[in-house]
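Taking it in order: structure first as structure tokens, then the write-up.
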Amino acid sequence: YTLKHILRYTTIDKEFVEILNNSIGIFRPESDGLHYNLSSKKIKNKWMSFWGLQPLKSYEKYLPDSILSSSKENVASCISGLFDTDGHCYSDISKGGIASSVNYTTTSKRMAYQVQYILLHFGIVSNIRYRDRLSPRTGNKTHRVYELGIYGKDVKKFHEKIGFRHTRKKEHLQKKKKKKKRWISNKDLIPVDISKCKHVTNRKFLTFDK
């Protein structure tokens, strides 16, 4: 999240705080213990310029060409980072077995379809659902939330080809993967709207540099 001369993020996880402080610069915590700010016009402009980013609202954000045209390893790292921050791993044992899924949530429709499109290049099938919500403060309708879900054997593929880097989420997925006895295939389910996918990038096809 960017303000005029500030880079800002929100987290309750100290692991992220340490990683960002050791990479971009020192982010100062606000009194609520949730928001962290780095106030530097120079650093903010350099970081935005390097990635080809623009100041946007959360529902407008998208992956820039600098990421989409990068190496396969870099793209995988980027997607892993998105799932580290706005993703989660879910398990359900109510039916006797272990039903697992990996999910990513965003208010940006374009970002959701970009991530889905990129995952296909790793052989990972996913689907996208959305839900509307009301503001707890005003009661008014807020921006639609899009949730990308990965299920069945594609969870295993995600673990092997993308994965979480966040310790807690990574360990949770690894434990569920070890306990899972049977992986259901989604090979007959291709829930992808190609008419939307072709708009996720300015390029006709997403290709990875060698």
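For Asp32 and Tyr130, what is the calculated FRET efficiency with R₀ set at 30 Å and r taken between the beta-carbons, to the nearest 0.05?
Rounded to the nearest 0.05, the efficiency is 0.55.
Just list whichever of Lys46/Lys156; Lys61/Lys141; Lys4/Lys141; Lys46/Lys141; Lys141/Lys161; Lys4/Lys72 have alpha carbons separated by over 30 Å in the model shown.
Lys46/Lys156; Lys46/Lys141; Lys141/Lys161; Lys4/Lys72
Take the solvent-accessible surface of the protein heavy atoms, probe 1.4 Å, and return the percent of it on region 1-160 that carbon and sulfur atoms account for.
So the carbon and sulfur contribution to the accessible surface is 53 percent.
Put a dot 7 Å past each Cα toward the Cβ at Thr142 and Gln54; how far apart are the dots in nm?
Rounded to a tenth, the inter-label distance reads 2.5 nm.
Going highest first, how would you order 60-70, 43-53 by mean Cβ packing within 10 Å?
Order by mean packing, descending: 60-70, 43-53.
The values are calculated or read from the model by the stated rules, or taken from the named source; none is laboratory data. Here the structure is a predicted model, which is why all the values come from computation and not from measurement. Counting neighbours? That spans all protein chains shown, and the Cβs are built from the backbone with ideal geometry, glycine included. Just the protein is used for accessible areas: all its heavy atoms, side chains included, with ligands, DNA and RNA removed. Shrake-Rupley method; radii C 1.70, N 1.55, O 1.52, S 1.80 Å.
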